[in-house]
Amino acid sequence: MIKLVSFVLCPYVQRAVIALREKSVEYEVAYIDLAHPPEWFQAISPLGKVPLLEVEDQVLFESSVIIDYLDEVFQPRLHPMDPLRRAQHKAWIEFGSGLLVDQMELVLAKDEAAFHERQAHLERQLKLLLAPLEAGVLDGDGVFSLLDAAYAPLFMRQELLTEIRVELAGLQPQPLQSWSDRLLARPSVKGSLVDDFRERYIAFFSAKGSWLMQQTGI
Ligand SMILES: N[C@@H](CCC(=O)N[C@@H](CS)C(=O)NCC(=O)O)C(=O)O
């Protein structure tokens, strides 16, 4: 049995969950509190981060490596078959990892000035996706790809953040919004979070002093 070690709000773990669901692989999830990591986790996690994938008494870390592994061992293959296109997708998945950091830094901004500065940064970074998107580089072989699994957690959070502050919709020009809409409609994506994710997400970042979360009135 495949076992994922997770933190309920972690977008990197969610990438692996989506890949597993697309492949109809049975898996278990062990949720930990990253603020108080249990000893068993500290003993097996090289960097103290989630996700971890436990398989055959071995441990894998780094979400991009975990989803690559899952793609190699479970059908259907989600990465493009063409090696060049596959390499391009891997590169943009790495870029997507950085976008998740940019998004988190936006949410963690403590005041309005910092928020606007990080919003501008995220907007610039998101715009870099437009050229490869319009050139077809981000297309899979006509089907849902591992790159899609890697970007869906980012788009889910963008949607939630836009509900809180409508001006954030402007961060995603139409081609990005269309991509996001397509991904967020997938059952594998819809079912990849805990039911009370929204409440937990808002409560977690409110407790960290997020200026954006203060706008929710919670
Ligand atoms: N590059 C890593 C990032 C993983 C990551 O940052 N995970 C966060 C939770 S979303 C974490 O475990 N943070 C704990 C820490 O940094 O101590 C990946 O893609 O797996």
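Each reported figure results from applying straightforward, stated rules to the coordinates on display, with no laboratory input. Computed from a predicted structure; not experimentally measured. Neighbour counts are summed over all protein chains in view; Cβ atoms, including those assigned to glycine, are modelled from backbone coordinates with ideal geometry.
Mind sorting H79, H36, H121 by how few other Cβ atoms lie within 10 Å of their own Cβ, fewest first?
H36, H121, H79
Report the antiparallel proportion of the DSSP beta bridges in the chain as a percent, rounded to a multiple of 5.
Around 60 percent antiparallel, to the nearest 5.
Relative contact order, percent, of the chain when contacts are C-alpha pairs under 8 Å separated by at least 6 residues?
Across the chain, relative contact order equals 24 percent.
Q58 to H36: extension gain in nm, 0.36 nm per residue of separation minus the Cα-Cα distance?
Value of the extension gain: 5.6 nm.
Which of D71, D181, D195 comes first, and how do the rest follow, when ranked by fewest Cβ neighbours within 10 Å?
Final ranking by Cβ density, sparse to dense: D195, D181, D71.
Just to verify a number: FRET efficiency for V29 and A87, C-beta to C-beta distance, R0 = 35 Å, to 0.05?
Using R0 = 35 Å, I get an efficiency of 0.70.
Using the Kirkwood radius over C-alpha pairs as Rh, can you work out the diffusion coefficient of the chain via Stokes-Einstein at 4 °C, viscosity 1.567 mPa s, in µm² per second?
72 µm²/s
Among the listed pairs K3/K110; K49/K208; K49/K127; K3/K23, give every one whose C-alpha distance is greater than 25 Å.
K3/K110; K49/K127
Any idea how far apart K110 and K3 come out in nm if each label point goes 7 Å out from Cα toward Cβ?
The answer from the label model is 3.9 nm.
Please give the charge dipole size of the chain, origin at the Cα centre, charges +1 on K and R Cβ atoms and -1 on D and E Cβ atoms. Round to the nearest 20 debye.
Using Cβ point charges on Lys, Arg, Asp and Glu, the chain gives about 300 debye.
Where in the chain are the DSSP H helices whose C-alpha atoms run 24 Å or more along the long axis and whose mean Kyte hydropathy is at least -1.0?
83-108, 146-164
How big is the gap, in Å, between the Cα center of the stretch 84-110 and the Cα center of the stretch 3-74?
18 Å
Using amide H atoms built 1.01 Å from N in the peptide plane, name the residues 5+ places from Y31, or on other chains, whose amide H lies under 5 Å from its own.
S6
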